[in-house]
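Below is one structure, written out as structure tokens, with a few remarks after it.
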Amino acid sequence: MPRVLKNSLLVEAFSLETEGFASFLEELSGNGVEEFFVARRPGYTYVVVDGEVVQVAVAPFTLVFPPESSVQARAVAEKYGLQYYVNYKDTWLEHSPVNASSLAHALRSLLSIGEQGFLKTSGWLIAVSRSRLGCEKLVAVSQVYTSLGGLVGHSDLFDPAVREAFGKGRAECYTPVIIAVGPGAAEPVVQACFEERRMVVKAPVAGECPGFWRVIHWILVDVSTGSPAEE
């Protein structure tokens, strides 16, 4: 398991929507932080809070900046009002590198897609189309590489509408990853073909399915960092 060095900076950027996250990445790059790491599995570390050393949980998708870039990253994190921690001592976390500029470009490309379009990143081909879908919540019924449960919540498939949507969504090599749940109905909005690295995304119109784009941009982060098994 990779080591996270003492004085590394851990940043929780979960509050940022897609536009804000893209801007955050661009500012990192503009301040000389071109590469950072993304936590892939839950973990823990030690930090100093009010003069005391305490243990804190590290959630998947926490951003990790090594000591040499922590000062610049901290300045950008503070500008965006993000929670951050300074690693008190060496620890070990499952994490993978990502390039700030490349990820920002992928996010901008995603945001620029109109009624339909394609995005290719890190070997994945992502087809995006708009739909009139409305929903009350999003649930994760699978994952690409990193668990999405902390971002949208898991479904155990006991909900009849979710179970039916999951069953209908399976086609050829595709498996539902995210399902949108509305009053008495549910529909897959993200499906992935893992063998061929293809993904289909049904994007709701503006104002529908709160949090949808934030979930999509974390999925994009996930595929950009690649499979932990490949490291």
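The values are calculated or read from the model by the stated rules, or taken from the named source; none is laboratory data. Treat the numbers as computed from the prediction; the structure is a model and nothing was measured. All Cβ positions, even for glycine, are placed from backbone atoms using ideal geometry, and neighbour counts span all protein chains on display. We work out accessible area using only protein heavy atoms, side chains counted, and drop any ligands, DNA or RNA first. Shrake-Rupley method; radii C 1.70, N 1.55, O 1.52, S 1.80 Å.
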With respect to the numbered conditions (1) closer than 24 Å to Pro60 by Cβ; (2) touching a residue at least 12 places away in the same chain (Cβ under 8 Å), which one is the sole condition not fulfilled by Ala185? (1)
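Determine whether Val86 is in contact with a Leu (Cβ under 9 Å, 6 or more places away or on another chain), free of Cβ contacts under 8 Å to residues at least 24 places away in the same chain and open to solvent by 10 Å² or more (accessible area, probe 1.4 Å).
So Val86 does not fit the description; no.
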Any residue in region 7-21 that's open to solvent by 10 Å² or more (accessible area, probe 1.4 Å): show its pairings with residues that are assigned to a loop (DSSP other than H, G, I, E, B) and not small (Gly, Ala, Ser) at Cβ separation under 6 Å, as long as the two are six or more apart or on different chains. Glu12/Thr62
Selection from region 180-231 of residues among the small types (Gly, Ala, Ser), part of a loop (DSSP other than H, G, I, E, B), within 23 Å of Val162 (Cβ to Cβ) and open to solvent by less than 70 Å² (accessible area, probe 1.4 Å) yields Gly211
Which of (1) within 26 Å of Phe37 (Cα to Cα); (2) at pLDDT below 95 does Gly81 not meet, given it meets every other one? (2)
Matching residues in region 137-174 (at pLDDT 85 or above, under 16 Å from Ala192 (Cβ atoms) and in contact with a Leu (Cβ under 8 Å, 6 or more places away or on another chain)) number 3
Counted residues in region 30-72 being open to solvent by less than 30 Å² (accessible area, probe 1.4 Å) and polar (S, T, N, Q) come to 4
Looking only at residues in region 106-132 that are of a type in the set (D, E, K, R) and closer than 23 Å to Ser23 by Cα, which one is surrounded by the fewest Cβ atoms within 10 Å (Cβ to Cβ)? Lys120
Taking region 73-83 and keeping residues open to solvent by 40 Å² or more (accessible area, probe 1.4 Å) and either in contact (Cβ under 8 Å) with a residue 40 or more places away in the chain or closer than 25 Å to Ile219 by Cβ (or both) leaves Arg74, Ala75, Lys79, Tyr80, Gly81, Gln83
